[in-house]
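Take a look at the structure below.
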Amino acid sequence: MTGTIALIVAAGSGERANAAGNQPGLPKQYRDLGGLPVLRHTVRAFAAELGPDFVFTVIRRQDRELCRSAIAGLAAPEPIIGGARRQDSVRLGLEDVAGQISPAKVLIHDAARPLVSPAVISRVIEGLNSADAVAPMIPIPDTLRRKDQGAFGLVSRDHLFRTQTPQGFAFEPILQAHRRYASESFTDDIALAERAGLKVVGVMGEEMNIKITTPSDFELAQRLVLSALPDVRTGTGFDVHRFADGDYVWLCGIRIPHDFGLEGHSDADAGLHALTDALLGAIGAGDIGSHFPPTDEKWRGAGSWIFLAHAAGLVRDLGGVIAHTDVTLICERPKIAPHRDAMRRRVAEILAIDIERVSIKATTTEGLGFTGRREGLAAQAVATIRLPAR
Ligand code: MG
């Protein structure tokens, strides 16, 4: 029997948070929050406490690709497809997990609470030692008033608490409760647990554990995330490859038909090599040659996306995010403009960041020098990253 698993509920359409922002139509759990998708923050928080194998995500069927790219490289299980209501999604998630492993406890958490802290997660797990259902709660500091026929009457805030997630449960009892009361509707899993007669206890929640619902919640979460990553660094990279016989080149992850090929040990993608070096430079981790020696037969003909993904992984291992990347390709030919959008998309995909954070530019050297003589091409890159304070 496995110990504790997390079930991250990410099957909503997140429409209310979508009213503003630069990613209209994208469900809030996949939107960029300080350099990473909301869902990635959330899954990462639980993976750090429970191990990635035990963090299950429930999503909408049409969001499968969005989810895959949001949690790429975290080693979390394949996402589970949810249902119409949140409650249905939780039930389907529990059923799916029960078919794979039999955990003792489950933490059910909203994907839209990406700032959940290790302390809150630990308190909920600990609470499960003395109860079958645990909810983090916080007292209400504001004075409450109830609008009644145009007047605002005072409401006592004594004994009032706000309930957050993760809500923790003994696994079998909450699964049984979800099956039994599937035809009724509950606002959260604690309410359902109460209906089933489970003993519920409260532990202290956290003000920072906000649920992103509206555009202003998003703004607040954005500030909180960025303030936790105050150490801004940049790195630069430069690379050159010589033209050789061939009829295509790889540039910024895109295969482009051309009158020549590019000479190199790997696929000779100078754009991705320069960008890889820029990321390595930003964290002081040597250069591409020290990670992937050109003398190593293993990398002959290798796709350079492997090098770039590795460098991005090193940034993430430090708890950092990639704030921005900018690549300049220097050549007379091939023409870059027709491929620029595809390049941006591909680089964003490799780095697992939003496309808004990826820039690709091109220039010539006005016929001067080796690029002007079309003997080869060059690329330079700048990467800006943010790291936690240390
Ligand atoms: Mg190179």
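The numbers here are math on the coordinates, done by the rules we state, and not lab data. Keep in mind the model is a prediction, meaning the values are calculated, not measured. When we count neighbours, we look across all protein chains shown, and the Cβ atoms used for this are built from the backbone with ideal geometry, even at glycine.
If I take R0 = 51 Å and measure r between the Cβ atoms of Leu154 and Asp245 in this structure, what FRET efficiency does the formula 1/(1 + (r/R0)^6) give, to the nearest 0.05? After rounding, the FRET efficiency stands at 0.05.
When the alpha carbon gyration tensor of the range 44-115 is reduced to an equivalent ellipsoid, the three semi-axes, largest first, read 17, 16, 12 Å. Compactness of the range 1-159 was expressed as the Cα radius of gyration divided by 2.2 N^0.38 Å, which yields 1.18. Ordering 252-258, 320-326, 266-272 by mean Cβ neighbour count within 10 Å, with the highest value first, yields 266-272, 320-326, 252-258. Only the Cβ atoms of Lys and Arg (+1) and of Asp and Glu (-1) were treated as charged; on that basis the dipole of the chain about its Cα centre amounts to roughly 920 debye. Computed from the Cα positions only, the extents of the range 287-390 along the three principal axes stand at 47, 36, 24 Å, in decreasing order.
Counting helices only, and only those DSSP H runs with n ≥ 4, report the 222 nm mean residue ellipticity of the chain as the sum of -39,500 (n - 2.57) divided by its residues, in deg cm²/dmol to the nearest 500. After summing the helix terms and dividing by the residues of the chain, the value is -9000 deg cm²/dmol.
Of Gly261, Gly35, Gly205, the residue with the greatest mean-square motion in the GNM of the chain, using alpha carbon springs below 10 Å, is Gly261.
Test of understanding: express the Cα radius of gyration of the chain as a ratio to 2.2 N^0.38 Å, with N the residue count. All intermediate terms of the calculation are to be shown ahead of the outcome.
Values: Rg = 25.0 Å, N = 390, 2.2 N^0.38 = 21.2 Å.
Scaled against compact globular proteins, the figure is 1.18.
A straight chain from Glu65 to Asn129 at 0.36 nm per residue would run longer than the Cα-Cα distance by 19.3 nm. Within straight-line reach of Lys335, meaning a Cα separation under 28 Å, sit the following lysines at least 8 residues removed in sequence or on another chain: Lys361. Protection proxy ranking of 212-225, 167-180, by the mean of other Cβ atoms within 10 Å over each peptide's residues and highest first, is 167-180, 212-225. Put a dot 7 Å past the Cα of Gln176, heading toward its Cβ, do the same for Arg255, and the two dots end up 5.7 nm apart.
Of the Cα atoms belonging to the range 91-186, the radius of gyration and Dmax stand at 17.2, 55 Å.
Couplings for the range 164-171, taken from phi via the Karplus curve 6.51 cos²θ - 1.76 cosθ + 1.60 with θ = phi - 60°, read 10, 10, x, 9, x, 9, 5, 5 Hz in order; Gly and Pro are left as x. Peptides 181-189, 357-365 ordered by packing proxy, namely the average of other Cβ atoms within 10 Å per residue, highest first: 357-365, 181-189.
Evaluated with a Cβ-only charge set (Lys, Arg +1; Asp, Glu -1), the range 252-390 carries a dipole of roughly 320 debye about its Cα centre, given to the nearest 20.
Return the whole-Å distance between the Cα centroid of the range 316-390 and the Cα centroid of the range 275-309. Taking the Cα centre of the range 275-309 as reference, the centre of the range 316-390 is 15 Å away.
For Thr2 and Glu78, the FRET efficiency from 1/(1 + (r/R0)^6), where r spans their Cβ atoms and R0 equals 22 Å, is about 0.85.
Here Lys211 is the anchor, and the lysines within straight C-alpha reach of less than 21 Å, apart from those fewer than 8 places off in the same chain, are Lys28. Of all aspartates and glutamates in the structure, those lying under 15 Å Cα to Cα from Lys105, and not within fewer than 8 positions of it along the same chain, are Glu49, Asp53, Glu95, Asp96, Glu126, Asp132, Glu172, Asp189. With respect to the chain, whose longest principal axis is taken over its alpha-carbon atoms, helix 340-351 is tilted by about 60°. State log₁₀ I(q)/I(0) for the range 108-160 at q = 0.20, 0.21, 0.22 Å⁻¹ as given by the Debye formula over alpha-carbon point scatterers of equal weight, solvent excluded. Here log10 of I(q) over I(0) equals -0.84, -0.86, -0.89. Around the Cα centre of the range 153-268, unit charges on the Cβ atoms of Lys, Arg, Asp and Glu (plus for the first two, minus for the last two) sum to a dipole of about 680 debye.
Shown in residue order for the range 325-331 are the 3J(HN,Hα) couplings computed by the Karplus curve 6.51 cos²θ - 1.76 cosθ + 1.60 at θ = phi - 60°: 9, 9, 10, 10, 9, 10, 6 Hz (x for Gly and Pro). Taking 7 Å steps out from each Cα toward its Cβ at Ala196 and Ala389 produces label points 4.3 nm apart. Look at where the Cα atoms of the range 138-153 and of the range 64-131 average out, and the two centres are 34 Å apart. Computed over the alpha-carbon pairs of the range 233-293, the distance histogram in 10 Å steps reads 24, 47, 24, 6 percent, short to long.
May I ask you to list the residues of the range 249-266 whose amide nitrogen lies under 14 Å from a point 7 Å from Cα along the Cα→beta-carbon direction of Arg300? Inside the label zone: 264-266. Full extension of the chain segment joining Glu184 with Glu263 gains 21.9 nm, where the gain is 0.36 nm per residue of separation less the Cα-Cα distance. Note on the range 127-279: Rg/Rh from Cα positions, Kirkwood definition for Rh, rounded to two decimals, is 1.30.
Give the residues of the range 181-212 whose amide nitrogen is closer than 14 Å to a point set 7 Å from the Cα of Asp142 in the direction of its Cβ. 211, by backbone N distance to the label point. With the charge dipole of the chain set up from +1 on Lys and Arg Cβ and -1 on Asp and Glu Cβ about the Cα centre, the Cα lying farthest toward the positive end among the listed residues Thr214, Leu251, Ser69 is that of Thr214. If the segment from Asp88 to Phe161 were pulled out straight at 0.36 nm per residue, it would be longer than the present Cα-Cα gap by 23.7 nm.
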